[in-house]
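Right, one structure below, let's go through it.
Rule-based calculations on the coordinates, nothing more; no lab input. Note that this is a predicted model, so its numbers are computed, not measured. Glycine also receives a Cβ, built like all others from the backbone with ideal geometry; neighbour counts cover every protein chain displayed.
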Amino acid sequence: MTDSLHIICFSATGTTLKTAKAVAEGCGISNVRVHNLIGDAEAEAHIPKNGMALFAAPVYAGRIPPIMAERLKGFVGSDTPAMVVCVYGNRDYDDALLELKSIAERQGFLPVSAAAFIAQHSIFPQLAAGRPDAGDMEMMREFGRRSMALAADAQRVCATPFSVPGNYPYKEAKAIPLTPKTHGCDKCGACAKGCPVHAIDPENPSRTDAEKCISCAHCIHICPKHARRWGGLKYTLASRKFVKLFSERKEPFITYRG
Ligand SMILES: Cc1cc2nc3c(=O)[nH]c(=O)nc-3n(C[C@H](O)[C@H](O)[C@H](O)COP(=O)(O)O)c2cc1C
């Protein structure tokens, strides 16, 4: 009997968390704990066999964010059933789902299901604008419902092999050469405090260390003055290219074990 659900995610602008919560709703478990690894305080947990884990990662350049991969080392299962989910901005999820599934297995979890859902792109918001939509959300809940049925019988279900799309060796993890700009900042420091990689100077938030910045857009998402945004010529050109190439609607990929 599954008595708790642990959502283990990295969500900079909220869509991965929103996806995970919709899946959790479908699971129908009241005892839900959220570990959002965007903050470094949520760094470890042991999740026993009678729990269920939901790993949810955004796709960054076809991989899971390297900092999330690092922080996942603190999460350990004991043949604990798990769902593996990646969320991407309508370009592609490439090797991210395979990477996340492999990490979950290495950490002692038994993936019973996997999915790649689509959400508004956090750098180029014209891509998948308004997603997840009502149809996506229903698919997420259904994914949670069906995964719970498999978790009840995880040892038997997991005797069968389980593969997901992706290639190994994985795509090279590439940094995106774009950093948010600052206009109208009152130096409240919220962005510097919330930045997962401490790339923003707390004394002068308009100074972002481009070497450290992972372009996650968390600073844009949390700025109370809406003073952080994407911009500049490099951004405009990249945005045009992405809109031209990746605007056609994609649908979620969902797979169950057994
Ligand atoms: C640095 C970075 C790289 C990204 N790379 C991809 C990608 O390779 N493919 C894709 O479809 N979306 C990509 N996206 C879009 C995100 O995967 C998508 O917007 C996701 O929903 C963001 O999750 P969040 O709202 O939880 O931060 C990228 C976003 C960022 C910030």
Check your understanding: Once label points are set 7 Å from the Cα along Cα→Cβ at both residue 153 and residue 50, what is their separation, rounded to one decimal in nm?
Key -> 2.2
Check your understanding: So what is the relative contact order of the chain, in percent, for Cα pairs below 8 Å that sit 6 or more residues apart?
Key -> 20
Check your understanding: Could you give the semi-axes, largest first, of the ellipsoid that matches segment 181-229, computed as the square roots of 5 times the alpha carbon gyration tensor eigenvalues and rounded to whole Å?
Key -> 15, 11, 9
Exercise for review: Distance between Cα centroids, segment 10-81 to segment 104-174: provide it in whole Å.
Suggested key: 11
Review point. Assigning unit charges at the beta carbon (Lys, Arg +1; Asp, Glu -1) and nothing else, what dipole magnitude in debye, to the nearest 20, does the chain show about its Cα centre?
Key: 640
Practice item. Counting other beta carbons within 10 Å of each Cβ, put 172, 251, 25 in order, fewest first. Key: 172, 251, 25
Review point. Percentage of Cα-Cα pair distances in segment 171-258 greater than 20 Å, rounded to whole percent?
Key: 46
Review point. Which residue, chosen from 114, 175, 57, occupies the Cα position most advanced towards the positive end of the dipole of the chain, where the dipole is computed from +1 (Lys, Arg) and -1 (Asp, Glu) charges on Cβ about the Cα centre?
Key: 175
Check your understanding: What range in the chain is the longest one free of trypsin sites (Lys or Arg not before Pro) that are in a loop by DSSP and have at most 11 other Cβ atoms within 10 angstrom?
Key -> 1-173
Revision key, fill the gap. Computed over the chain, the distribution of all Cα-Cα distances in 10 Å bins, rounded to whole %, is 7, 31, 35, 20, 6, 1
Check your understanding: If you line up the Cα atoms of segment 75-134 on their principal axes, what length do they span on each, largest first, in Å?
Key -> 41, 23, 16
Practice item. For segment 109-236, report the convex hull volume of the alpha-carbon atoms normalised per residue, in Å³, without decimals. Key: 168
**Study point:** Residues 213, 185 arranged by fewest to most Cβ contacts within 10 Å
**Key:** 185, 213
Revision key, fill the gap. Here the relative contact order (percent) of segment 181-229, from C-alpha pairs under 8 Å and at least 6 apart, is 44
Exercise for review: Would you mind checking the radius of gyration and Dmax of segment 19-108 based on alpha-carbon positions, in Å?
Suggested key: 12.7, 36
